[in-house]
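J.: Dropping the structure in here first, questions after.
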Amino acid sequence: MTADTDNELKILDPGKLEKAQQENPFVKISEAVYNILEEAILSSALKPGGKLKINKIADELHVSGTPVREAVEQLVARGLVVESLGTGGKYKNYYVFDIDDGDIGELFAARKSIESTAAYICAQKNWHVDMEMLEKNMADFRLAVKEYIDGDSVRNATQYDRQFHTAIVEATKNRYLSDMYRTLDKKLNYLSVRTCEFMAAARRSDDLLTLCRQHALVIHAIQIGYPQLAREAMDEHIDFCAGNCLNSRYFSESLK
């Protein structure tokens, strides 16, 4: 039995399913399976590019294939799993989503175009922006990052990071910017996870905390109504994320 197989068996522990049902007797099996698989993907316990086998997952968790398939389809909808048609186009294959360096660069460029413009507009019209919500999000993100550095799940840090960026785009009240941003949403969620994860793998705790400070600078520029400062702060933040994501990715992969 290989180390990868051992690791997969630990991930697909039926005890996790039993625990979820004990904590919430009304939880749907598909929802509990989704949470187990999501956490495994976000933590890279299930490796990017790895194939998900519905029957194997069902066997390991001691459930039928139906709730597993439902859970995997939810992961497809969220962008954490990709599907492809098998030979003859009759069956679907599922793989943990991965992203290459070219895609990372292009995605950050698209983010910068949309989000820096959004920050500029928000500073121009900061009465549209729920500053209290952004400041609370900033505090929650800082706490989640510190907890992640201390060994907690990346899930909370990712959630607050995505909320911060999405809130700024939505606060512009510009439906065209919002529509463009939503088309990127699935990959942006994955990219947020990988940015934090790659930095942590390279022991870049200071860089993770820098993300928090950069969020604060963007919020401050919006709050005081300086559009160009807001744009520049967002530009710097996204450039910093892009550089660290790629550099830390190389470091993470060198450890394999």
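The values are calculated or read from the model by the stated rules, or taken from the named source; none is laboratory data. Everything numeric in this text was worked out from a predicted model, so none of it was measured. Counting neighbours? That spans all protein chains shown, and the Cβs are built from the backbone with ideal geometry, glycine included. Keep in mind that these areas ignore ligands, DNA and RNA; they rest on the heavy atoms of the full protein, side chains included. Shrake-Rupley method; radii C 1.70, N 1.55, O 1.52, S 1.80 Å.
J.: If ligands, DNA and RNA are left out, what is the accessible area of M133 with a 1.4 Å probe, given in Å² to the nearest 10?
T.: The accessible area comes out at roughly 80 Å².
J.: Can you work out the FRET efficiency for the pair F26 and A167, with r the C-beta to C-beta distance and R0 = 35 Å, to the nearest 0.05?
T.: Given R0 = 35 Å and the Cβ-Cβ separation, E is 0.65.
J.: Could you tell me the relative contact order of the chain? Use alpha-carbon pairs under 8 Å, at least six residues apart, and round to a whole percent.
T.: 20
J.: Using only the Cα atoms of the range 48-102, what do you get for the radius of gyration and for Dmax, in Å?
T.: Computed over the Cα atoms of the range 48-102, radius of gyration and Dmax are 11.9, 40 Å.
J.: For a paramagnetic label modelled at 7 Å from the Cα of Q124 toward its Cβ, which residues of the range 212-233 fall within the zone defined by backbone nitrogen distances under 16 Å?
T.: 222-223, 225-232
J.: How much of the pair distance distribution for the chain lies past 28 Å, counting alpha-carbon pairs only, in percent?
T.: 39
J.: Rg and Dmax of the range 16-74, Cα atoms, in Å?
T.: Looking at the range 16-74, its Cα Rg and Dmax stand at 11.1, 34 Å.
J.: Once every DSSP H run of n ≥ 4 in the chain is given -39500 (n - 2.57) and the sum is divided by its residues, what mean residue ellipticity at 222 nm do you get, rounded to the nearest 500 deg cm²/dmol?
T.: Per the formula, -24500 deg cm²/dmol.
J.: How big is the range 54-151 by Rg and Dmax over its Cα atoms, in Å?
T.: Spelled out, the Cα radius of gyration and Dmax of the range 54-151 are 20.4, 56 Å.
J.: Got a sec? What order do Y91, Y120 fall in by accessible area at 1.4 Å, biggest, i.e. largest, first?
T.: Ranked from most to least accessible, the order is Y91, Y120.
J.: Apply the a/c threshold of 1.5 to the C-alpha gyration tensor of the range 96-156 and tell me whether it is rounded, prolate or oblate.
T.: Oblate is the answer for the range 96-156, as a/c is 1.5 or above yet b/c matches or exceeds a/b.
J.: So, one more: As a quick test, which of the pairs K125/K187; K16/K53; K28/K56; K28/K173; K51/K90 have an alpha carbon distance above 27 angstrom in this structure?
T.: The pairs that break the limit, which is 27 Å between Cα atoms, are K125/K187; K28/K173.
J.: Rounded to a whole number, what % of the accessible area of the chain do carbon and sulfur atoms account for, probe 1.4 Å?
T.: After summing per-atom areas, the C and S share lands at 51 percent.
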